[in-house]
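Participant: Sending over a structure as structure tokens; questions will come in a sec.
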Amino acid sequence: MPDIVPPAGLARALQWVRHHLLWLHQRLLPAPMAMMELIVSGWPAQAITAAAQLGIADALADGPLPLDELAARVDADPDALSRLLRALIGRGIFRRRRDGRYALNSLAATLRSDAPISLKGAALFQGSAEQRERWTLLADSVRSGESIVPALRGKDGFDYLADLPEHADLFNQTMTSLAQMTLAVVVGSYDFGTHRTIVDVGGGQGAMLAAILAKAPASQGILYDLPTVVAGAPRMLQQKNVAGRVRIIEGSFFDMVPPGGDAYVLKNVIHDWPDAKALQILRNVRAAAGPGATVLLVEMVVGDNGRDGPQNWVDLEMLLNLGARERTADEYRNLLSAAGFRMTRIVPTASPLNVIEAVG
Ligand SMILES: C[S@@+](CC[C@H](N)C(=O)[O-])C[C@H]1O[C@@H](n2cnc3c(N)ncnc32)[C@H](O)[C@@H]1O
């Protein structure tokens, strides 16, 4: 995790620059050509997945290799491998040295299994047949406004994932990488230490709570999630040296939420649910929280500025997989208000996540 947290304003300025560069990038071609580029933009993504499946970055971890040796290590046809690498190198992934040997560069190194923030699992997950199939059915979801998973698999998104342990493992690796990229930034952008007891609702195995408590030495934590999930929490909390300050409670937030918190944190939880279910969770938080307690939703917020951003695409992923959604600031305000909370502010961070603060 980075020690220095960049200010949210700097990140916003860089996004502004990237938005205009993207605009320029597209306008430098006639519309049909620019559109064709977008239509085939799934190809580079799948080529990255192929590199992850072949284990090219791991094979280059100890240093550059000539084509034949690399091909032998990853069990590939040398000519086909050189064509894959040529395409990826054109997109800034891997490099070919003057002596002809292939080597890692910074983007390619993220595909190493042992990278500090490894994206190998994410590449394997996003490019899997399972995941791609869902996206081929996006039009169905847009017609119905519902997830395609129940019609496709006969089960809801999370239940279905539990039936596919290997795919679920890749999903969890993807979530871990995303958390590694954002946790320090979120925790560095909001002063959680003003709250004595912090309840992390749907807190997984406690990565966020551990990061919060590491920066808030006087605070105590309660980790709340489903029994199968919190089973793995004690080890992780011990590793982070906060186990002595965390009480683990298992249960479903649709039944109840533990009382006694000064602050209730829900990170990437509300976006998993359609409005009626999200409201049920927040009402249970309201029932548990004493007067004046704070609720902190850590979520992306959708804007109407016409700009590209992960929130727009994750929103479609939520629709496809769970019939859920990313929300605008007004949608969060209304949802919180219906549950009995008053939204006080949205604290942006240098990551796509914001801390949406409300009081009871
Ligand atoms: C997208 S994950 C977010 C996890 C964690 N807050 C984070 O940001 O890394 C959603 C979490 O909600 C939990 N969850 C799903 N249904 C739940 C339920 N009925 N009761 C409690 N937790 C639940 C999941 O187990 C998972 O840990």
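Participant: Can you report the number of residues in the stretch 154-190 which are over 23 Å from R235 (Cα atoms), within 14 Å of the ligand (Cβ to nearest atom) and hydroxyl-bearing (S, T, Y)?
Facilitator: Number satisfying all stated conditions: 1.
Participant: Determine whether E146 is of a type in the set (D, E), farther than 30 Å from G244 by Cβ, outside any helix (DSSP H, G or I) and more than 10 Å from the ligand (Cβ to nearest atom). Break it down stepwise before answering.
Facilitator: Working: of a type in the set (D, E): yes; farther than 30 Å from G244 by Cβ: yes; outside any helix (DSSP H, G or I): yes; more than 10 Å from the ligand (Cβ to nearest atom): yes.
Taking the combined requirement at face value, the residue satisfies it.
Participant: Restricting the search to the stretch 165-198, which residues are in contact with a helix residue (DSSP H, G or I) (Cβ under 7 Å, 6 or more places away or on another chain) and either free of Cβ contacts under 8 Å to residues at least 40 places away in the same chain or acidic (D, E) (or both)?
Facilitator: Matches in the stretch 165-198: A168, A179, V187, G193.
Participant: Assess whether A210 counts as being open to solvent by less than 30 Å² (accessible area, probe 1.4 Å) and touching a residue at least 40 places away in the same chain (Cβ under 8 Å).
Facilitator: On the way: open to solvent by less than 30 Å² (accessible area, probe 1.4 Å): yes; touching a residue at least 40 places away in the same chain (Cβ under 8 Å): no.
For A210, the condition - open to solvent by less than 30 Å² (accessible area, probe 1.4 Å) and touching a residue at least 40 places away in the same chain (Cβ under 8 Å) - is not met.
Participant: Can you tell me how many residues within the stretch 269-278 are acidic (D, E) and either within 14 Å of the ligand (Cβ to nearest atom) or open to solvent by less than 40 Å² (accessible area, probe 1.4 Å) (or both)? I'd like the intermediate steps shown before the answer.
Facilitator: Our first condition is that a residue be acidic (D, E); within the stretch 269-278, this holds for 272, 275.
Still in the list and also either within 14 Å of the ligand (Cβ to nearest atom) or open to solvent by less than 40 Å² (accessible area, probe 1.4 Å) (or both): 272.
Within the stretch 269-278, residues that are acidic (D, E) and either within 14 Å of the ligand (Cβ to nearest atom) or open to solvent by less than 40 Å² (accessible area, probe 1.4 Å) (or both) number 1.
Participant: Would you check which residues across the stretch 133-151 are surrounded by 14 or more Cβ atoms within 10 Å (Cβ to Cβ) and free of Cβ contacts under 8 Å to residues at least 60 places away in the same chain and list them? Step through it out loud before you land on a result.
Facilitator: First, pick out the residues of the stretch 133-151 that are surrounded by 14 or more Cβ atoms within 10 Å (Cβ to Cβ): 134-135, 137-138, 140-141, 146-150.
Those that are surrounded by 14 or more Cβ atoms within 10 Å (Cβ to Cβ) and free of Cβ contacts under 8 Å to residues at least 60 places away in the same chain: D140, P150.
Participant: Among the numbered conditions (1) of a type outside the set (S, T, N, Q); (2) assigned to a helix (DSSP H, G or I); (3) over 19 Å from P44 (Cβ atoms), tell me where D114 comes up short.
Facilitator: Unmet for D114, out of (1) of a type outside the set (S, T, N, Q); (2) assigned to a helix (DSSP H, G or I); (3) over 19 Å from P44 (Cβ atoms): (2).
The values are calculated or read from the model by the stated rules, or taken from the named source; none is laboratory data. Since the model is a prediction, treat every value here as computed from it, not as a measurement. Quick reminder, even Gly has a Cβ in these numbers, built from the backbone with ideal geometry, and neighbours come from all protein chains shown. With ligands, DNA and RNA removed, areas are computed over all heavy atoms of the protein, side chains included. Shrake-Rupley method; radii C 1.70, N 1.55, O 1.52, S 1.80 Å.
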